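Asks: Structure below; questions to follow.
The values are calculated or read from the model by the stated rules, or taken from the named source; none is laboratory data. Model, not experiment: these values are computed from the prediction. Positions of Cβ are backbone-derived with ideal geometry, glycine not excepted, and every protein chain shown enters the neighbour counts. Accessible surface is based on the protein model in full, side chains and every heavy atom, while ligands, DNA and RNA are left aside. Shrake-Rupley method; radii C 1.70, N 1.55, O 1.52, S 1.80 Å.
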Amino acid sequence: MSSTPSSSTPGFIEELKWRRMLQDIMPGTEELLRKGPVKGYIGFDPTSDSLGVGNLVQVMTLLHFQRCGHQPVALVGGATGMVGDPSGKSAERNLLDEEALAFNLAGQKRQLEKFLDFSAGPTQAMIVNNYDWFRNFSFLGFIRDVGKHITINYMMSKDSVQRRLETGISFTEFSYQLVQGYDFYYLWKNQGLQLQMGGSDQWGNITTGTELIRRMEGGEAFALTTPLIKKADGTKFGKTEGGNIWLDPKKTSPYKFYQFWLNSSDEDSKNYVRIFTTLNREEVEALEAEHAKAPHLRLLQKSIAREVCIRVHSEEDYRSALEASEILFGNAPTEALSKLDEETLLSVFEGVPQVNIARSELEEGLGIVDLLSDKSGIFPSRGEARKLIQSGGVSINKQKLSDPNARQDAGGLLQDKYLLVQKGKKNYYLIIAG
RNA sequence: GGGGAGAUAGCCAAGUGGCCAACGGCAACAGACUGUAAAUCUGUCCUCUUCGGAGUUCGAAGGUUCGAAUCCUUCUCUCCCCA
């Protein structure tokens, strides 16, 4: 995705403010950014091999940063990932082994590269790995050269530590802020980074960094954080019944990904459009006004889903997700389904779970409960299938089932091969009779 | 170390010998309404079920009893107060 930094773009801070993405900011940060291009970074925690939509907030922060004419740096936490951040955690974390960590880092790195502009220039993005400067840093060296500058009293006063004092925190996790703080020092000292950003839960860790820079060298560094996004109903952003929404298409299909954004509530989408798209203020406000006039068109949700889907996946993925959505949720009747040729049908349902059954079993007709549970595994038990059918929650080829004792035969196959099963409103399965 | 309170389904929480697969609330899932939204209403919500039932639960293990989440014994864990 290319960005077009120009002198006419508004300041980064104003940009964050109207996007409702500014939580805390250290005094002097705005002045620094006004003076000229700044190198700033955000750290990513390699707990998984893919970023999730939760991380997308930070990715977008970097993107907005770059678009405002600054130089974004993404730090992948090869070292910090080995320690475990206690922020926001109520219990000690399990440590990943080095192999898993390396694997996760590679995955995240690949994803980050899709968002930022790495072409040479004054705002060229970079990715750094803190394992590079920690690898050869000995324990004694660290506690002597770094630990000496920060008091236990200071470290204990952090929220993330305080909250764990009752239940217990290992020395390892306690040290985390110092390790992360040293990152900032190192980057400040060796690569001229003056700003660290992050989610508001990172404030404590970030300020340990600026404090370290001050005490070790009398230097000055700056910080800002973005608010934690929550949904209007107070629940956590980025999760659905199916779990986390990932950027990796193998973990969350583009179709599911598109659906995730499309399903956001009106209330939430007003925030999302600011955070997750690069539309400017006028465009956002115009879109909101239009949405308010005809909310049922879901313009906001569609615009967000479109832009994010293209950015994270591709134009092509977006198109097929859109097409699939229109077929599955549009008013397309059963006939429309049967008109689809096999290729379209398969590509449309690419992101839909598929199950195979033997065609011969369908030939003589199969009890519908049998088909949906034992044969296809769509329902874990016969009773459950029966119950949902009785309450009107199951359709085959867009036709609602009402009688659990009904039978299905080969005559109803789409393209003489497929059955489209709908469980509830939003869960689709494709049965392939082979 | 002394004294007290407690452990019930995903969470909160009622139940103190049979009427208990266990009140109620939240979450979750489904239906209606709608806009694939929100709110609201209805249903489901230990497991399986041919929807008649069947099986396994109330921190753990034993015991009393025709019958236990409920009584007794031991054990494990949590919280509070005093030292």
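Asks: What number of residues in the stretch A:343-367 are over 14 Å from A:L413 (Cα atoms) and within 16 Å of RNA strand B (Cβ to nearest atom)?
Replies: Final tally of qualifying residues: 7.
Asks: Residues being over 26 Å from A:I25 (Cα atoms) and touching a residue at least 60 places away in the same chain (Cβ under 8 Å): count how many of those fall in the stretch A:216-249.
Replies: 6
Asks: Taking the condition farther than 30 Å from A:R19 by Cα and surrounded by fewer than 14 Cβ atoms within 10 Å (Cβ to Cβ), does A:S360 pass?
Replies: The answer is yes for A:S360.
Asks: Another question about this same structure. Out of curiosity, is A:L95 modelled with pLDDT under 95 and either over 20 Å from A:T210 (Cβ atoms) or open to solvent by less than 10 Å² (accessible area, probe 1.4 Å) (or both)?
Replies: For A:L95, the condition - modelled with pLDDT under 95 and either over 20 Å from A:T210 (Cβ atoms) or open to solvent by less than 10 Å² (accessible area, probe 1.4 Å) (or both) - is met.
Asks: If A:A289 satisfies every condition in (1) part of a helix (DSSP H, G or I); (2) under 19 Å from A:T226 (Cβ atoms); (3) away from RNA strand B (no atom under 13 Å from the Cβ) but one, which is the exception?
Replies: Unmet condition: (2).
Asks: Quick one: which residue in A:F276, A:F257, A:F222 is more than 11 Å from RNA strand B (Cβ to nearest atom) and in contact with a Cys (Cβ under 9 Å, 6 or more places away or on another chain)?
Replies: Values: A:F276 fails: in contact with a Cys (Cβ under 9 Å, 6 or more places away or on another chain); A:F222 fails: in contact with a Cys (Cβ under 9 Å, 6 or more places away or on another chain).
After applying the criteria, what remains is A:F257.
Asks: Take the residues of the stretch A:423-434 that are in contact with a helix residue (DSSP H, G or I) (Cβ under 8 Å, 6 or more places away or on another chain) and within 15 Å of RNA strand B (Cβ to nearest atom): which is least open to solvent (accessible area, probe 1.4 Å)?
Replies: Ranking the candidates gives A:Y428 first.
For (1) in the same structural domain as A:F276 (by TED's automatic domain parsing); (2) in contact (Cβ under 8 Å) with a residue 60 or more places away in the chain; (3) in a loop (DSSP other than H, G, I, E, B), each residue gets a yes or a no:
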| position | (1), (2), (3) |
| --- | --- |
| A:G40 | no, yes, no |
| A:S87 | no, yes, yes |
| A:A120 | no, no, yes |
| A:Q124 | no, no, yes |
